Structures are given as structure tokens and as C-alpha cells.
1. Tell me, what % of the accessible area of the chain is carbon and sulfur with a 1.4 angstrom probe?
2. When the dipole is taken about the Cα centre of region 31-101, and only Lys, Arg (+1) and Asp, Glu (-1) are charged at their Cβ, what size is it in debye, to the nearest 20?
3. Pulled fully out, how much extra length does the chain show between THR62 and GLU180, if you take 0.36 nm times their separation in residues and subtract their Cα-Cα distance?
4. Find how many whole Å separate the alpha carbon centroid of region 4-51 from the alpha carbon centroid of region 104-151.
5. Points 7 angstrom from Cα along the Cβ direction at GLU157 and ILE134: gap in nanometres?
6. Under a 5 Å amide H to amide H cut-off, with H placed in plane at 1.01 Å, what residues pair with GLN33 once short-range neighbours are removed?
7. Once you place label points 7 Å from the Cα toward the Cβ at THR125 and VAL71, how far apart are they in nm?
8. Once you keep just the Cα pairs under 8 angstrom separated by 6 or more residues, what percentage relative contact order results for region 37-182?
Amino acid sequence: EKADFYSIYPANGSSLEVVEDVVVATLYVASTQSATTSVSEDGKTIYAQPEEMGNVMMYAYTSGVQNGSTVNLTFKPFSTVIEFTLTVPETYTSSQKQNITVQSLTLTAPKEVNIAGDFYFDFPTDGTPIVESISGSNSVTVHFIEDGVYSTVLSPEIRTLKAKMCLMPIDGVANLGGWEVK
């Protein structure tokens, strides 16, 4: 008469199964990502948005749906998304006549912290999901793509790059030392 419904976005590369009365998903976050860049309307900032939305994960759980009823799934995001802002120094002027080419950005976590790769996700029926790394990498690299070329250019006129990077869900590890950005 009634059923519980579970859903994961994206469905590609993920699987759902019941293990000891708990619904578990196996998911994947890529350690190499790409971001499409665009210049803001005022022409002063470059925005780099994830090109592959498969690294931006969400889940939905609806319980006790009456047989024959419409299932309303309300998705909740659970990926960790970090936004970086790179800014050309104020001392850098147009008289220097050189643009700054940015091809990629890499975030490296401490060795014991996986931020990309395969992980289990236990569906919460209430509260917070439980996430456990299966195998992975402690770094994620985002490559910037502008007009089909793997780079973007900052200059005295366009001084700021705002880039988003997707990680597997992490909690409480940001306070650990040893994080590095290149």
C-alpha cells in the first residue's frame, strides 16, 4: 500500500542497493574536471563553472507514498563545492603589457583525505548522510576552457577569476593542516 522512494543525481555511474535495511549508493567524483569560462557583463571578472554537472551530486528520499500517488522528490545537494577567487595584483598595470594565462587549478588535501574517486553514500531517512571513501585521490584539478582552448587569460582589465571545483562530500577536514592550492 505504501512505499519509500530513493533517488540520486546524477544517475550515470551510480548504483543503489539495500544493505542490511539501509539504502546505499556507490558514487564517483572525477579528480580531473573542466570548467567553461565566461566574462561577466561588466567585463571585469571571469566565471568558471563546472562543465560536467555529474560531479554536482544530490539525493532525494520520500517515505510512505501511497500506492498510485505521485511521488514528490525534493533533492538536497551533498557535494562539497569550493569557489576560488584568483585576482591580479593591483600593482599589475596595463603598461606591463603581459596577460596572465591560467590553465588549471589543483587542490590537494592531506594524504589521508580523499576528495575525489569512488565512495559509498548511506541514504539518511532523517539527519545527515554517511559518506565513506572506497578508493580515491587526495587532489582535484580543474582545467579552464575558454573558446575551445584549455586556458583563460587575466589582465589589468579583467582582474578576477572565480572558479568552482566539486569534491566528494567532506565534513570537518578543512581544519586539518596540509591543504595546498596550485
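1. On the way: 5110 of 10710 Å².
Of the solvent-accessible surface of the chain, carbon and sulfur hold 48 percent.
2. So the magnitude is around 100 debye.
3. Numbers: separation 118, 0.36 × 118 = 42.48 nm, distance 3.93 nm.
Using 0.36 nm per residue and subtracting the Cα-Cα distance, I get 38.5 nm.
4. 10 Å
5. 4.9 nm
6. Correct list: THR141, VAL142, HIS143.
7. 1.7 nm
8. On the way: 260 pairs, mean separation 50.9, N = 146.
Averaging sequence separation for qualifying contacts and normalising by length gives 35 percent for region 37-182.
The values are calculated or read from the model by the stated rules, or taken from the named source; none is laboratory data. Small disclaimer: the values here were computed from a predicted structure and weren't measured. Glycine gets a Cβ as well: all are built from the backbone with ideal geometry, and neighbour counts include every protein chain shown. The accessibility values were calculated without ligands, DNA or RNA, using every heavy atom of the protein model including side chains. Shrake-Rupley method; radii C 1.70, N 1.55, O 1.52, S 1.80 Å.
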